[in-house]
Every structure is written in structure tokens, then in C-alpha cells.
Amino acid sequence: MLDLIESRYDRQERISWWDQSKLRAARVLVVGAGALGNEIVKNLALVGVGQIDIVDMDSIEGSNLARCALFRDSDRGRPKAEALAHAAAEINPEVRLAAYVCPVQQLGAAWLLQYDVVIAGLDSREARLWLNASCRRMGMHWIDGAIEGLQGIVRVFGPEGACYDCTLGEKDRAVISHRRSCALLSPEELASGKTPTNATTASVVAGLEVQEAIKMIVGRLDLLALTGKVWRLDGETMMTSVVEYTEDQDCMSHELVETWVSAPAEYASLQDVITQVALARNCPVDAVYFPDDVITVEPCAKCGGGEQVIGLRPLLSLGAGRCVSCASALRMESRTSIDTTDDLSSVAWDRWLWPRREAISLRVGDEYVHVILEGRS
């Protein structure tokens, strides 16, 4: 008797350019587990992407249940990333899923290197800006989607051409600058109104995001329709349009680093890394450059409370610049680079707030050595 059992993926494998083996071997990072993230993960699981990692810092609220296909009433209060990973595993047991309950910045730019593509369903300019700069440095594509009311957009940013930073206007930059300057002192500065959204718009936008991701994964970059462009949907009139972005030749996010090395297996401080690089290159290290502002927060001068905190700006908690005991503003120092004699280079590495995997750049003579460091705290 003939075996009439069809492959789970039979219908999609009938698409002429489809390659299920590449999807099965792929690893995708989904940033955001809200309405868009639910639909993105659902689609990735259905098509059989081998590994789906989900990062989101928030927990499920009642209003999420009307917009997020895979959340249930019993999930209230549960971390979104964990609930979404659990639900997607039930959709397709062949897919591996992992959840990270944290801001994406805590993973670090070098963490992204293990993925074939990054797909975002974010509602934060700051997170988008970080993700854009990080993917650009790593030479990666990332796919952005956004929804508001019945409006939606999808866009693809690659290692070349226009990036997300290129699309920002003066008003966007002013808002980001204000929020960055206030966040360490006043968490209330980040409070904002709720954006109106609905499930149908999320479904359409996420579907197109995953469609572009599939093309990347199977190696059909020639089929990508939205690289450096934005697809817009007006759900009220059902009008759509595609507009190409203009690249800003002076964009600060256009750093591309092609070669990275891992830090020595055992290092207790930045000074150990500096010493090893200098020995390997037979040339002294002149300076160390960080991927973002390094903030040093000193103990409270008024009441003596707290202890010194050192870390990249995105990893410091909201309000970290104000004393928890007396509410006084704490003395803070910000820098994006240090020379090798700076006291900061000798501070024990396990005292730093550092992402899971991030990179620094060491200037050695006329060149730069880019070193990946693992977080210890």
C-alpha cells in the first residue's frame, strides 16, 4: 500500500525557489513579543524555521489578549517572551524556541552574529536605533515592522544603503536625545500614552516581515522587495505604497566591522585584554572605544548611600542616576573611549554591567582590533 502521508511542509515546498532544509537550519531572533511578535513567531513556526529566539522585557496585560494570537487569559502577568515561546512550541514541535526576558540591548551586538536574520516588532525608537546600529556593525540584515491604528509599515535594512537612522527627522532625534538625557534620573520621562493597534493590522504587517525573512534565509536576496524601502498600508482606504529611502552618506550608524576576535579565555579586567592585544600585535594599544556611552555612577555624596556602578548606558536601570535613599542626583561621568592609563581599565570585569556578548575596539597604531567580550555580571 502506498504511503500517502504528506510532509508537513508539502505545500510550501512546491514553491519553485523554496528550500526547506535552509529554513530547518536557520536561526532567527524576534525582537518584541507583542501583537507583531506573536504573528511573526507564529509564521516562523508554521514554515518550520529551526531555531526561534524571542527577546522581550515586558509581561502580559489584559489588553494584550485582544491583539496577541498566542496569549491566553491564564498568561496574565507572565513574561511575554516565555509565554510566546511555549505557545509556538505547541504549534510545531519540530521548532526549537528560547526566550530572553530582558531589553534587546542586554544581549549585545555581538550576540546577533549567530542569527541568519533579525525581525523586529518594536514600539521604541531607542531600541530600533540600537538594533539598527548593531546589525549594521555586524553586517546583518534586519526587518522592521510597526503598526498604529489601521496603519502599518514594513521595511528591510541591510549592511549597505539607507538604514533606520537615515530615516529619522529632526523631531525624532530631539525626542530620542531628550529621553536618553532624562532616563537615568527620571523614569517618568519614559512614560507615554498607549498606541492604538489591532490584531488584523498586526497580522498583515508581520506576514510581510516573515515573507521577506524567508527570502533571506533561502538565499534569494534577489527577490527582496523592501531593502532600503518602506511599504505602507492605510487600512482604512486599503491603499498601499512603497517608497525608497535616501541614504545619508554622513550617517553615524554606518560603521561596518568585518573582522572580530574573541577576548582571551581568562581576563579579569580590560587591562588584561589590552595587554594581550598589545603582545599579539607587538605594538602598544593607544585607546579603547566602546559601542555606546559608558556611564560611571558614584555613591551618593549627600547620604553616602549606594555603590559605584559602571556599565553601558542601555544596561543601566531607569532612575539609576538618583539616590534610592535620599533622591539626590548622583555624580555621573559618561565616556565613549578611554586611554590605557585610565583607572577604568583596571576595574574588575565582574563589576561591569555588560551585555551577554558585545565588542570593543582597540586602536593599535594605525589600525583597530575589534574584540568580543562576554558579560560577567
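The values are calculated or read from the model by the stated rules, or taken from the named source; none is laboratory data. The shown structure was predicted, so the numbers you read here are calculated from the model rather than taken from an experiment. No Cβ is skipped: glycine too gets one built from the backbone with ideal geometry, and neighbour counts run over all protein chains shown.
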Query - Selected residue (criterion: surrounded by the fewest Cβ atoms within 10 Å (Cβ to Cβ)) from residues of region 332-369 that are in a loop (DSSP other than H, G, I, E, B) and of a type in the set (Val, Ile, Thr) - result: Thr341
Report task. Could you please tell me which pairs satisfy a Cβ distance under 8 Å, a separation of 6+ or placement on different chains, a first residue in region 42-55 that is in the same structural domain as Pro79 (by TED's automatic domain parsing), and a second residue that is polar (S, T, N, Q) and not in a strand (DSSP E or B)? Result -> Ala45/Asn92; Leu46/Asn92; Val47/Gln12; Gly48/Gln20; Gly48/Asn92
Query raised in the report: Does region 139-151 hold any residues that are touching a Phe, Trp or Tyr at 6+ places or on another chain (Cβ under 9 Å) and under 19 Å from His370 (Cβ atoms), and which are they?
Result: Met140
**Report entry** Any pair with Cβ under 6 angstrom, 6 or more apart, that starts in region 6-25 at a residue that is in the same structural domain as Met216 (by TED's automatic domain parsing) and ends at one that is of a type in the set (Lys, Arg)
**Finding:** Trp17/Arg220
Requested in this report: Can you confirm whether region 257-273 contains a residue that is touching a Lys or Arg at 6+ places or on another chain (Cβ under 8 Å) and surrounded by 12 or more Cβ atoms within 10 Å (Cβ to Cβ)?
Outcome: yes
Query - Pick from region 187-201, criterion of a type outside the set (S, T, N, Q) and surrounded by 14 or more Cβ atoms within 10 Å (Cβ to Cβ), ranking: modelled with the lowest pLDDT - result: Glu189
**Report entry** Criterion: among the charged types (D, E, K, R), surrounded by fewer than 17 Cβ atoms within 10 Å (Cβ to Cβ) and touching a helix residue (DSSP H, G or I) at 6+ places or on another chain (Cβ under 8 Å) - qualifying residue of Asp222, Asp248, Asp292
**Finding:** Asp248
Query raised in the report: Could you list, in sequence order, the residues of region 202-219 that are crowded, with 21+ Cβ neighbours inside 10 Å and farther than 21 Å from Tyr9 by Cβ?
Result: Ala202, Val205
Report summary line: Of the residues in region 311-329 that are in a loop (DSSP other than H, G, I, E, B) and farther than 25 Å from Ser345 by Cα, the one that is modelled with the lowest pLDDT is Leu318
Report task. Only helices (runs of 4 or more DSSP H) wholly contained in region 1-54 count here; list those with 2 or more residues that are within 20 Å of Lys80 (Cα to Cα). Result -> 35-47
**Report entry** strands (runs of 3 or more DSSP E) within region 61-149 that include 3 or more residues surrounded by 23 or more Cβ atoms within 10 Å (Cβ to Cβ) and either touching a residue at least 12 places away in the same chain (Cβ under 8 Å) or of a type in the set (Phe, Trp, Tyr) (or both)
**Finding:** 117-120, 142-148
**Report entry** Residue selected from region 151-186 under the condition surrounded by 15 or more Cβ atoms within 10 Å (Cβ to Cβ), charged (D, E, K, R) and modelled with pLDDT of 80 or more, by the criterion farthest from Val210 (Cα to Cα)
**Finding:** Asp165
